[in-house]
Amino acid sequence: MTNYPIGATWRAVTDTGKVGEIRLSNRESFIERWDWTVRYSDGTIYAAEWNPTYKMCREEIPIYNSLTKTKLRFRRVK
């Protein structure tokens, strides 16, 4: 279990405008729910899922730098 408040959000944006976001949406006695989404620059959703940990969300998000093909760093925005 983490100490982050419900609603804590991390975001990464590619050079093409694709946005990845991870948010802590719920916490119960023994489990947390972390939601992740990837949106195109026009706002349409590319993918959306949830996992019990931030790390699992981060592993599943298909968001890369188009030049270096490396995963982007997520920064906390909320």
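The values are calculated or read from the model by the stated rules, or taken from the named source; none is laboratory data. What you see is a predicted model; the values in this text were computed from it and never measured. Glycine gets a Cβ as well: all are built from the backbone with ideal geometry, and neighbour counts include every protein chain shown.
For this structure, a couple of remarks:
- If you go through the range 48-78 and keep only what is out of contact with any helix residue (DSSP H, G or I) (no Cβ under 9 Å at 6 or more places or on another chain), of a type in the set (D, E, K, R) and free of Cβ contacts under 8 Å to residues at least 40 places away in the same chain, you end up with Lys55, Arg58, Glu59, Glu60, Lys69.
- The residues of the range 31-47 that are free of Cβ contacts under 8 Å to residues at least 24 places away in the same chain and either aliphatic (A, V, I, L, M) or part of a loop (DSSP other than H, G, I, E, B) (or both), listed by number, are Ile31, Tyr40, Asp42, Gly43, Thr44, Ile45, Ala47.
- Residues in the range 38-58 that are surrounded by fewer than 18 Cβ atoms within 10 Å (Cβ to Cβ), at pLDDT 90 or above and closer than 24 Å to Met1 by Cβ: Glu49, Trp50, Asn51, Pro52, Thr53, Lys55, Met56.
- Residue satisfying all of: in the range 59-78; closer than 15 Å to Lys18 by Cα and among the polar types (S, T, N, Q); surrounded by the most Cβ atoms within 10 Å (Cβ to Cβ) among these: Asn65
- Sole exception among (1) touching a Ser or Thr at 6+ places or on another chain (Cβ under 7 Å); (2) assigned to a strand (DSSP E or B) for Gly17, by number: (2)
- The lone criterion from (1) in contact with a strand residue (DSSP E or B) (Cβ under 9 Å, 6 or more places away or on another chain); (2) closer than 18 Å to Ser66 by Cα; (3) not in a strand (DSSP E or B) left unmet by Gly7 is number (2).
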